[in-house]
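Asks: Have a look at the structure that comes next, please.
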Amino acid sequence: MLVDEPAKVVVPSNFKGSKAGDEREVAGITLSWCPPGRFLMGSPPGEPERRPGEDQVEVTLTKGFWMGKFEATQGQWKRVIGQLPGELTEELPAGDDFPVGNVNFAETEAFCRKLTELGRQSGDLPENWEFRLPTEAQWEYACRAGTTTATSFGDKLSRQQVNFKGKPYNGAEEGPSLNRAATVGSYPANAWGLHDMHGNIYEWCRDWYHKKLPGGTDPDLYSAKSSATKSEHGDISRARRGGCWADDGWPCRTAFRLRFEPERRYDHIGFRVVAVQQ
């Protein structure tokens, strides 16, 4: 009697991309390659609508990483986890291609852990790689995609380029105002193939929020809880990036950053994943 041998899991021999913007699909998530490199994180003093906490620092990222081409969607959440993490709203309607929102920090981490398991089981993800949230440095580096301007589209930002509600940034043209989330990928991608890094929905980052940006080599403030900047109420927070549909254009700038307590959720806060080498 012949016994079927278990199917062999074939792991990619070279998992890294060859150039910025290369695409790969892992566990049903389309990813874009962000190569190692150096950049100035933050905004220059003359940038219009600049805010405190954006003083520039030099950052070196020694390892490339794969970043979700789109914000994590409701369809992906239901496939990986099951029931959506929070309520849908008029501004965040139901739909598999809409971003998942109303999600707190711990829930995003649970999604990343499960996605890592699925990727390794299928052979799409090598054992020494994992899914997680991006650091602030990885997020801004990917958003810039090689640019040094206020946004990845230049020093202006229009509602034709990005899903936000209010005043365009720095004199840009108007464009439509949806007053709600859009399906992911409805607006143009940056130079590395990443959509909705500006606007649509805020995105959790893995760092504890510090008033001063972390510089240096591969900065990662995931465990830096004791030095996190406290709010006026004494709370500490994780960082979030990107602006959302309810904002004017200026909070959608590449360098703009906000805090948010990790246990909280809101319909305009979601996330995107990165795959990183451990």
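Asks: Out of curiosity, is Gly46 among the small types (Gly, Ala, Ser), part of a loop (DSSP other than H, G, I, E, B) and at positive phi? Outline the logic, then answer.
Replies: Numbers: among the small types (Gly, Ala, Ser): yes; part of a loop (DSSP other than H, G, I, E, B): yes; at positive phi: no.
Answer is no for this residue.
Asks: Among the residues of the stretch 179-199, write down those that are more than 17 Å from Tyr141 (Cβ to Cβ) and either in contact (Cβ under 8 Å) with a residue 40 or more places away in the chain or not in a loop (DSSP other than H, G, I, E, B) (or both).
Replies: If we filter the stretch 179-199 for residues that are more than 17 Å from Tyr141 (Cβ to Cβ), which is where we start, we get 179-188, 199.
If the condition is that a residue be more than 17 Å from Tyr141 (Cβ to Cβ) and either in contact (Cβ under 8 Å) with a residue 40 or more places away in the chain or not in a loop (DSSP other than H, G, I, E, B) (or both), then Asn179, Arg180, Ala181, Ala182, Thr183, Val184, Gly185, Gly199 are the ones that fit.
Asks: Of the residues Ser186, Ser152, which is in contact with a Lys or Arg (Cβ under 9 Å, 6 or more places away or on another chain) and either within 23 Å of Val103 (Cβ to Cβ) or not aromatic (Phe, Trp, Tyr) (or both)?
Replies: Unique residue meeting the criteria: Ser152.
Asks: Okay, next question. Kindly evaluate Val103 against the criterion of being under 14 Å from Val273 (Cα atoms) and modelled with pLDDT of 95 or more. Walk me through how you get there before you give the answer.
Replies: Working: under 14 Å from Val273 (Cα atoms): yes; modelled with pLDDT of 95 or more: yes.
Answer is yes for this residue.
Asks: Six or more apart or on different chains, Cβ atoms under 6 Å: show the pairs whose first residue is in the stretch 34-61 and farther than 14 Å from Cys252 by Cα and whose second is among the aliphatic types (A, V, I, L, M) and in a loop (DSSP other than H, G, I, E, B).
Replies: The qualifying pairs are Pro35/Ala20; Met41/Leu213; Val57/Leu213.
Asks: Something else about it: Those residues that are over 18 Å from Phe70 (Cα atoms), in a loop (DSSP other than H, G, I, E, B) and touching a residue at least 24 places away in the same chain (Cβ under 8 Å), I need them from the stretch 161-178; list them, please.
Replies: Keep residues of the stretch 161-178 that are over 18 Å from Phe70 (Cα atoms), which gives 165-178.
Filter once more, so that each one left must be in a loop (DSSP other than H, G, I, E, B): 165-168, 170-178.
Once the filter is applied, which keeps residues that are over 18 Å from Phe70 (Cα atoms), in a loop (DSSP other than H, G, I, E, B) and touching a residue at least 24 places away in the same chain (Cβ under 8 Å), the stretch 161-178 yields Lys165, Gly166, Lys167, Pro168, Asn170, Ala172, Leu178.
Asks: State yes or no: is Val3 at pLDDT below 95, over 21 Å from Asn190 (Cβ atoms) and touching a helix residue (DSSP H, G or I) at 6+ places or on another chain (Cβ under 8 Å)?
Replies: Details: at pLDDT below 95: yes; over 21 Å from Asn190 (Cβ atoms): yes; touching a helix residue (DSSP H, G or I) at 6+ places or on another chain (Cβ under 8 Å): no.
The answer is no for Val3.
Asks: With respect to Trp245, is the statement that it is among the aromatic types (Phe, Trp, Tyr), touching a residue at least 60 places away in the same chain (Cβ under 8 Å) and in contact with a Leu (Cβ under 9 Å, 6 or more places away or on another chain) true? Outline the logic, then answer.
Replies: Numbers: among the aromatic types (Phe, Trp, Tyr): yes; touching a residue at least 60 places away in the same chain (Cβ under 8 Å): yes; in contact with a Leu (Cβ under 9 Å, 6 or more places away or on another chain): yes.
Yes.
Asks: Now for a different question. In the stretch 193-242, which residue that is among the charged types (D, E, K, R) and surrounded by 20 or more Cβ atoms within 10 Å (Cβ to Cβ) is nearest to His268 (Cα to Cα)? Walk me through how you get there before you give the answer.
Replies: Step one: of the stretch 193-242, the residues among the charged types (D, E, K, R) are 196, 203, 206-207, 211-212, 218, 220, 225, 230, 232, 235, 238, 240-241.
Next, only the ones that are surrounded by 20 or more Cβ atoms within 10 Å (Cβ to Cβ) stay: 196, 203, 206-207, 238, 240-241.
Details: Asp196: 13, Glu203: 9, Arg206: 17, Asp207: 19, Arg238: 15, Arg240: 11, Arg241: 11 Å.
For the stretch 193-242, the residue satisfying everything is Glu203.
Asks: Next question. Answer yes or no as to whether Ala275 is of a type in the set (Gly, Ala, Ser) and in a loop (DSSP other than H, G, I, E, B). Step through it out loud before you land on a result.
Replies: Numbers: of a type in the set (Gly, Ala, Ser): yes; in a loop (DSSP other than H, G, I, E, B): no.
For Ala275, the condition - of a type in the set (Gly, Ala, Ser) and in a loop (DSSP other than H, G, I, E, B) - is not met.
Asks: Output the residue which, of all residues in the stretch 243-272 that are hydrophobic (A, V, I, L, M, F, W, C) and not in a loop (DSSP other than H, G, I, E, B), is surrounded by the most Cβ atoms within 10 Å (Cβ to Cβ).
Replies: If we filter the stretch 243-272 for residues that are hydrophobic (A, V, I, L, M, F, W, C), which is where we start, we get 244-246, 250, 252, 255-256, 258, 260, 269, 271.
Adding the requirement that they be not in a loop (DSSP other than H, G, I, E, B) leaves 250, 252, 258, 260, 269.
Numbers: Trp250: 22, Cys252: 27, Leu258: 16, Phe260: 20, Ile269: 25.
Top of the filtered list is Cys252.
Asks: Do we find a residue being within 24 Å of Phe65 (Cα to Cα) and in contact with a Gly (Cβ under 8 Å, 6 or more places away or on another chain) anywhere in the stretch 220-238?
Replies: Our first condition is that a residue be within 24 Å of Phe65 (Cα to Cα); within the stretch 220-238, this holds for 220-224, 238.
Add one more test, that the residue is in contact with a Gly (Cβ under 8 Å, 6 or more places away or on another chain), and what stays is none.
No, the stretch 220-238 has no match at all.
Asks: Of all helices (runs of 4 or more DSSP H) completely enclosed by the stretch 50-145, which ones contain at least 2 residues that are farther than 19 Å from Leu31 by Cα? First the steps, then the outcome.
Replies: Working: elements: 74-80, 105-122, 136-144.
Qualifying helices (runs of 4 or more DSSP H): 105-122.
The values are calculated or read from the model by the stated rules, or taken from the named source; none is laboratory data. Everything quoted here is computed from the prediction, not taken from an experiment. No Cβ is skipped: glycine too gets one built from the backbone with ideal geometry, and neighbour counts run over all protein chains shown.
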